[in-house]
Amino acid sequence: MWSDAILAYLHFASIFTLIWFLAKEWTLLQAGPERCDARRLALTDLFYFLAAMAVLASGLGRALAGAKPWAYYAGNPVFHIKISLFVLVALLSIKPTLLIMRWRKSAAADPAFRVDPREWQLARRLVLIEMHIVALIPLAAVMMARGLGPHG
């Protein structure tokens, strides 16, 4: 019972951390392309990635060693939707990460570097889409936990 509670806590804490760093990334992008702090963005993006890995690891821990057996998750279509949304967010985050890494490198090499407004707009749009999709993942989790969904 304790192990399940600890796994659940770690999963929730890592989800909140992921959301915090995604929101921080969005906030840093709000400064605009002319005042974009590539170093802070890169650091935030790194912690966002680490939080995503913590979500993945703690979720896997819950699915494999939690109170409910793996069959509960494997047979639940809402679980598959939840995982698909997580993977979609991960795929959407690749482009902003690559842009931010390039901006950081360029800014380190040239103090006069300015982010291209089109690239900034793309990164900002993708991060906003990520935020909207991340907001749906807890809904899927709640539905799954209550047996709701296509077969519930």
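Read the figures in this text as sums done on the coordinates, not as results from a lab. Computed from a predicted structure; not experimentally measured. As a convention, Cβ positions derive from the backbone with ideal geometry for all residues, glycine included, and neighbour counts pool all protein chains shown.
Details
- Averaging the Cα positions of each part gives two centres, and for the stretch 81-152 and the stretch 1-40 these lie 11 Å apart.
- Additional length obtainable on full extension of the chain from ALA74 to MET1, 0.36 nm per residue less Cα span: 24.1 nm
- Computed from the Cβ-Cβ distance with R0 of 35 Å, the FRET efficiency linking MET53 to ARG118 stands at 0.70.
- Computed over the Cα atoms of the chain, the ratio of the radius of gyration to the Kirkwood radius (Rg/Rh) comes to 1.07.
- Paramagnetic reach from ASP110 in the stretch 34-53 [backbone N under 12 Å; point 7 Å along Cα→Cβ]: none
- Here's the list of lysines a cross-link from LYS24 could span, going by alpha-carbon distance under 19 Å and ignoring same-chain residues fewer than 8 apart: LYS95.
- Taking the chain as a Gaussian network of alpha-carbon nodes connected by springs under 10 Å, the highest mean-square fluctuation of the residues ALA57, ALA140, ALA74 belongs to ALA74.
- Spin-label model, ALA145 to ILE129: label points 7 Å out along the Cα-to-beta-carbon direction sit 3.0 nm apart.
- Estimated purely from DSSP H runs of n ≥ 4, each contributing -39500 (n - 2.57), the mean residue ellipticity at 222 nm for the chain is -28500 deg cm²/dmol once divided by its residues.
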